[in-house]
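First the structure, in the form of structure tokens, and then the observations on it.
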Protein chains: 2
Amino acid sequence: MTKLFRVNMTTKEAKIEELPQKYVGLAGRALTSSFVLDEVEPKCHPLGPNNKLIFAPGLLGGTNCANSGRLSVGSKSPLTGGIKESNSGGTAAQKLAKMGIAGVIVEGMPADDKFYVIKVTVDGAVLEEAPAEIMGKGNYEAIRVLSEKYGAKVGIMIIGPAGEMKLTSANISVKDPEGNIRSAGRGGLGAVMGSKKVKAIVIDDTGAKGVPIANPEAFKAAAKRFAKGLIEHPVTGQGLPGFGTNVLVNILNEAGGLPTKNFRAGRNEWANNISGETMSATIEARGGKVSHGCHAGCVIRCSQHYHDKEGKYLTSGFEYETIWALGANACINDLDVIAECDRLMDDIGVDSIETSVTIGVAMEAGIIPWGDATAAVDLVKQIGQGTPLGRIIGSGAAFTGQAFGVTRVPVVKKQAIPAYDPRAVKGVGLTYATTPMGADHTAGYAVATNILKVGGFVDPLEKGGQVELSRNLQIATAAVDSTGLCLFVAFCILDNADAFQAIIDMLNAQYSLALTADDVTELGKTVLRAERKFNELAGFTKADDRLPEFFKEECPPHNTTWDFTEEEVDEVFNF
Amino acid sequence: MTKLFRVNMTTKEAKIEELPQKYVGLAGRALTSSFVLDEVEPKCHPLGPNNKLIFAPGLLGGTNCANSGRLSVGSKSPLTGGIKESNSGGTAAQKLAKMGIAGVIVEGMPADDKFYVIKVTVDGAVLEEAPAEIMGKGNYEAIRVLSEKYGAKVGIMIIGPAGEMKLTSANISVKDPEGNIRSAGRGGLGAVMGSKKVKAIVIDDTGAKGVPIANPEAFKAAAKRFAKGLIEHPVTGQGLPGFGTNVLVNILNEAGGLPTKNFRAGRNEWANNISGETMSATIEARGGKVSHGCHAGCVIRCSQHYHDKEGKYLTSGFEYETIWALGANACINDLDVIAECDRLMDDIGVDSIETSVTIGVAMEAGIIPWGDATAAVDLVKQIGQGTPLGRIIGSGAAFTGQAFGVTRVPVVKKQAIPAYDPRAVKGVGLTYATTPMGADHTAGYAVATNILKVGGFVDPLEKGGQVELSRNLQIATAAVDSTGLCLFVAFCILDNADAFQAIIDMLNAQYSLALTADDVTELGKTVLRAERKFNELAGFTKADDRLPEFFKEECPPHNTTWDFTEEEVDEVFNF
């Protein structure tokens, strides 16, 4: 991966650049965040011509390493106003890596009103006017049309109607191996793509030479150890393949950390109706797929095909956080309706976490009643229709709170807080507060050690050990996100030192290096420093590293509060 | 003024406190900003229970000094997220001062859903349930009902439907001598009042002892010199009484600084149709009042009664900035429709600057066509109706820009930029950028010296001298806003040293002090330091002291840009 494909939407010129020396050894999140810090004016309008968008596979992308097909998308977020790396599965990253492309950059903004498709081949990128028939259409249909036009095997990164409208919860969807939808969900990067009038990026990897491996035998041996580790770990080998990420509903409910009714409680009576166990049983009964990978080479296979009552495919990538937000937090006690919303959100192209949490805020505002499934579906549909109410909901939780004067709005840096109550899972609250990404569980998943007892145990209800935990996980995550590995490999490597070593061994074998664990840590720190620096230049301060005031209220059943002092919170980033 | 009336809406308790020693000598903006810094947690939600609202007359409030009846309202702004002093005429400030009340504080938040009226008498404040018949009603009708209930002479501070809905452009309206409406317009403080479920504050000053004056003869003599200065100055004695603030339309159009079509140009062909000259001729022809004071003792009398075609009162306080925003910036070439919108905005209770600039943003978004008067009136009406589109518009320009993906949004710190293009009036751009209030011409009105040649002359198209000008005007303004004097006295005192000395002489005579001009400057600096400190604690940085990117575009007719470096901008606050 030695090329940058740079597409200027102002001039409509595309060129191929050598990866600058300063970026050699960086990929995935390390590359996207360095690039955004270097090339994006921190105070620019995120939807203006001075923002840029970069798509990058990780260091191990395109290899045979298990679970190495994740894509990093970087930009200044129109949702948070800060730096963003949004991460997705699908087939794009592996194709880019095999084509030797370290990153595809989209910059500038056309003066005209047309939307474009960027077609990426080994020869370069070309701009074509987007087919009229896909404009305003849902992602499922648009991906079908583009796959017909450009070939069934092309990779596709695309925005839905929400991205066309530049709504700040718009995501970027990535075609998965079956032509279904994975998402670079968080931070509204679909709006950035929409502002640049890029409807889709189509990747035709015909003629790709594949990824060179300096020491293929060593790589193969390490890859085998790594895959074995994943398969043998109870979370990545059993829990996730068996029940998807939604295995967490019953676990978090039991732990008292399943936020219910817009974070009023951590436990509810109906959780099992929406649990992973119920979901998998439903899928089996209807002939769906309980386990499925979002990209080739995935051995965890936490995705699934969820079918409707008629046995027809409805959605995949049906995640715990979405199911939680609609099921527990918005009190919609019906997995089928939640699945319908999930499909709609994927189709319209909005972050399913942001949008589902926003529906809870709309219920808080009295716009629709708690638990009203029909009304929730209608709200999601209105986003796609671009009604004024749809635009409010599609602009996210903080925005909707402001529109309706609601103060109980679970956001940090204007991004919706996900599925783990920080009063019952205290470590993850530190991650929400301090990550440069805005509230994001994946930025430092303390739930692993607080609740799942992976990587040791830190009592979720106590403060002790949490600062170090969140810090170390954020550093590790920034490194993992740079490899192209799925973050879920962390469950395994936190418990299995050899599996962790296997990753280092693969990197060394591929690039002919002699990295140690310390280098990996240093990479993570470097990424986080770059991200913090960007945010500082954009105007962020410690005042932005805070949870909403209402987390000082007690949360049943444990009746705990989120009680870190500001000084303790500020200790997370002490490097 | 030695009392603070403190009303806790959580406990429904009201008490009278002695003004703490640290606040003795502070009033108006000096008191409100000190209080907000001391008592409001900077990171609190502005619409949550931890924000507070304070109403304060100025140091000269309640005296016979000309133009001393202005009211300061302080709080954390839900529009900007920073500190706010919003300033209004009307009868409230003089009544409070005469009752010996330095400030009325509203804090906490009721658990129930009822709205309240706070009745303030010399004996204290009491809470009464708001009459059902005024809930959701416009301010004109509500003021009429409350005046009937509580007596024609009571002072009233009230929120309209927008404040009840907690929309972030909601203002606080203040009854004027004729029962019409003046506004503490900027920063959304009506939403704070709404969040505390206070529909109105009624001030019955029966039994008020008046303001003690230590040396009445000296005060009288100084007051006479001061009033004479105001009457003799061409701006305060002729321009403003003759044509209102709207005298500025032709002046700014001539100067090329009248922002037109959402700040695309500084001059247009139809300006005279909406000018002060046209307005005054229309008023005279229809039997309205060309000149009128917003509070007793005003000798400038820049307000007016604008009548409709049938000769019926339509609006007053019909300001240049509102007329500019709808007339030039939104291209509505019809003074009658603009007056209708002005009345509607007053009645619904939204800031007419924020809302009118927002209508330009809605036109930019293509929601309604440029210059479409009927559609603009409909948008304003929708605010009062609380439709989703109305809530978007009623949440201000930055919010509306986000809802519709518009990047050409004239705001600083999320507050709409008013009626002077910073590329043609460069000094005022520094004020927009740096004032802690968010874009606000009144915070340091460099237009005076750039365009009106008051207080000397600094070339509006050049950078030289502007940093000092904006700094000195911001300091002077913070002091003037603390006296209760109308800011327009500045036109006179910038040119007339004796009139300025007369203010100091009045303060010394009233309070038995020996203040000098240096003390006045120091007061201004102290106020600004407190405000900057609050904003810093709330998370503001220099990155917030910036104009939108599009002011780097050339602005016809002068084809100048706003070209200050960041270092130059940051020099404004060098104290």
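Need one word for the range A:1-115: rounded, prolate or oblate. Basis is the Cα gyration tensor (sqrt eigenvalues a ≥ b ≥ c); a/c below 1.5 gives rounded, then a/b vs b/c decides.
Because a/c hits 1.5 or more and a/b exceeds b/c, the range A:1-115 counts as prolate.
At q = 0.12, 0.20, 0.31, 0.32 Å⁻¹, work out log10 I(q)/I(0) for the range A:440-489 with the Debye formula, treating every Cα as an identical point scatterer and leaving solvent out; two decimals please.
-0.24, -0.63, -1.24, -1.28
Helix-only estimate, please: 222 nm mean residue ellipticity of chain A, summing -39500 (n - 2.57) across DSSP H runs of length 4 or more and dividing by its residues, to the nearest 500.
-11500 deg cm²/dmol
Calculate, for A:ASP334 and A:GLU568, the FRET efficiency according to 1/(1 + (r/R0)^6) with r their C-beta to C-beta distance and R0 45 Å; round to the nearest 0.05.
Once rounded, the FRET efficiency stands at 0.65.
Just want to confirm a number: the relative contact order over the range A:234-286, from Cα pairs under 8 angstrom separated by 6+ residues, in percent.
After rounding, I find 34 percent.
Gap in Å between the Cα centre of the range A:247-304 and the Cα centre of the range B:513-559?
Each part's Cα centre sits 52 Å from the other's.
Going by average Cβ neighbours within 10 Å, how do the peptides A:524-530, A:395-401, B:2-8 rank, with the highest at the top?
A:395-401, A:524-530, B:2-8
Give the nm distances, rounded to one decimal, from B:LYS153 to the matching residue in every other copy, measuring between label points 7 Å along Cα toward the beta carbon; shortest first.
Relative to the other copies, B:LYS153 has label-point distances of 9.2 nm.
Using the Kyte-Doolittle scale, find the helices of chain A whose mean hydropathy is at least -1.0 and whose Cα atoms extend 27 Å or more along the helix's long axis, counting only whole DSSP H runs.
Both cut-offs are met by A:517-538.
Counting only C-alpha contacts under 8 Å and six or more residues apart, can you give the relative contact order of chain A as a whole percent?
Relative contact order for chain A comes out at 16 percent.
What are the lysines whose alpha-carbon lies under 29 Å from the alpha-carbon of A:LYS463, with same-chain residues fewer than 8 places away excluded?
By straight Cα distance, A:LYS463 reaches A:LYS84, A:LYS261, A:LYS413, A:LYS414, A:LYS426, A:LYS453, A:LYS525, A:LYS533, A:LYS542, A:LYS552, B:LYS43.
Out of B:LEU485, B:SER291, B:VAL428, whose Cα points farthest toward the positive end of the dipole of chain B (charges: +1 Lys, Arg; -1 Asp, Glu; placed on Cβ)?
The one lying farthest along the dipole's positive direction is B:LEU485.
Suppose every Lys and Arg Cβ carries +1 and every Asp and Glu Cβ carries -1, with no other charges. What dipole size does the protein assembly as shown come out with about its Cα centre, to the nearest 20 debye?
240
Under 20 °C and 1.002 mPa s, how fast does the range B:244-421 diffuse according to Stokes-Einstein, given a Kirkwood radius computed over C-alpha pairs? Answer in µm²/s, whole number.
134
Distances in nm, one decimal, shortest first, from B:LEU515 to the same residue in every other copy, taking the label point 7 angstrom along Cα→Cβ.
6.6
Quick one: divide the alpha-carbon radius of gyration of the range A:155-298 by 2.2 N^0.38 Å and tell me what you get.
Relative to the rule-of-thumb radius for its length, the range A:155-298 sits at 1.37.
Can you give me the C-alpha center-to-center distance between the range A:403-446 and the range B:307-373, rounded to a whole angstrom?
That distance is 41 Å.
Taking 7 Å along the Cα-to-C-beta vector as the label spot, tell me the B:GLU217-A:ASN559 distance in nanometres, rounded to one decimal.
In this crude spin-label approximation the distance works out to 7.2 nm.
Go through A:SER280, A:GLY62, A:VAL104 and say which Cα lies farthest out towards the positive end of the charge dipole of the protein assembly as shown; charges sit on Cβ, +1 for Lys and Arg, -1 for Asp and Glu.
The residue sitting most towards the positive pole is A:SER280.
Among rounded, prolate and oblate, which fits the range A:1-61 when a ≥ b ≥ c are the square roots of the eigenvalues of its C-alpha gyration tensor, a/c under 1.5 means rounded, and a/b larger than b/c means prolate?
Since a/c reaches 1.5 but b/c is at least a/b, the shape of the range A:1-61 is classed as oblate.
From the phi angles alone, apply the Karplus equation (6.51, -1.76, 1.60; θ = phi - 60°) to the range B:14-26 and give each ³J(HN,Hα) in whole Hz, x where the residue is Gly or Pro.
Running phi through 6.51 cos²θ - 1.76 cosθ + 1.60 with θ = phi - 60° gives 10, 9, 10, 10, 5, 4, x, 3, 5, 9, 5, x, 10 Hz.
Once the principal axes of the Cα atoms of the range A:350-427 are found, what is the range along each, listed largest first in whole angstroms?
Projected onto its principal axes, the Cα set of the range A:350-427 covers 39, 24, 23 Å.
About the Cα centre, and with charges only on the beta carbon of Lys, Arg (+1) and Asp, Glu (-1), how big is the dipole of chain A? Nearest 20 debye, please.
Dipole about the Cα centre, nearest 20: 1120 debye.
For peptide A:159-168, how many partner chain Cβ atoms fall within 10 Å of a residue's Cβ, on average?
2
Provide a whole-number value for the mean count of partner chain Cβ atoms within 10 Å of the Cβ atoms in peptide B:530-541.
Per residue, the average neighbour count from other chains is 2.
If R0 is 60 Å, what FRET efficiency do you get for B:GLU39 and A:ARG225 from their C-beta distance, rounded to 0.05?
Computed FRET efficiency for B:GLU39 and A:ARG225 comes out at 0.45.
In whole Hz, with x marking every Gly and Pro, tabulate ³J(HN,Hα) for the range A:445-462 from phi via Karplus 6.51 cos²θ - 1.76 cosθ + 1.60, θ = phi - 60°.
7, 5, 3, 4, 8, 6, 10, 8, 6, 9, x, x, 9, 10, 3, x, 9, 10
Per the Cauchy relation, a quarter of the hull surface: what is the mean projected area of the convex hull of the alpha carbons in chain A, in nm²?
Result: 22.2 nm².
Using only the Cα atoms of the range A:3-203, what do you get for the radius of gyration and for Dmax, in Å?
For the range A:3-203, the Cα radius of gyration and maximum Cα-Cα distance read 14.9, 43 Å.
Classify the range A:413-501: rounded, prolate or oblate, from the alpha-carbon gyration tensor (a ≥ b ≥ c, eigenvalue square roots; a/c under 1.5 rounded; otherwise prolate if a/b is larger than b/c)?
Cα axes put the range A:413-501 in the oblate bin.
Size of the dipole of the range A:1-121 about the Cα centre, Lys and Arg at +1 and Asp and Glu at -1 on the beta carbon, nothing else charged, in debye to 20?
In debye, rounded to 20, the range A:1-121 gives about 300.
What list of ³J(HN,Hα) couplings, whole Hz, do you get for the range A:56-66 from phi and the Karplus terms 6.51, -1.76, 1.60, once you set θ to phi - 60° and write x for glycine and proline?
9, x, x, 4, 9, x, x, 8, 8, 4, 4
I need the trypsin sites (Lys or Arg not before Pro) found in the range B:119-159, filtered to DSSP loop residues with at most 14 other beta carbons within 10 Å of theirs.
Those satisfying the criteria are B:LYS153.
Given a Förster distance of 41 angstrom, what is the FRET efficiency for B:GLU269 paired with A:THR11, based on the Cβ-Cβ distance and rounded to 0.05?
0.75
What is the log10 of I(q)/I(0) for the protein assembly as shown, computed with the Debye formula using one identical point scatterer on each Cα and no solvent, at q = 0.10 Å⁻¹?
The Cα Debye sum returns log10 ratios of -1.21.
Sort the following peptides by mean Cβ neighbour count (other Cβ atoms within 10 Å, averaged over residues), highest first: A:48-60, A:300-312.
A:48-60, A:300-312
How shielded is B:398-404 by partner chains, expressed as the average number of their Cβ atoms within 10 Å of its Cβ atoms?
6
Mind checking the full-extension length gain between A:VAL24 and A:ALA517? Use 0.36 nm per residue of separation minus the Cα-Cα distance, one decimal, nm.
Roughly 175.6 nm would be gained on extension.
So what is the relative contact order for the range B:3-203, in percent, with contacts set as C-alpha pairs under 8 Å and at least six apart?
23
FYI, it's all coordinate maths here, none of it is from the lab. Keep in mind it's a predicted model, so treat the numbers as computed, not measured. Neighbour counts run over all protein chains shown; Cβ positions are idealised from the backbone, glycine included.
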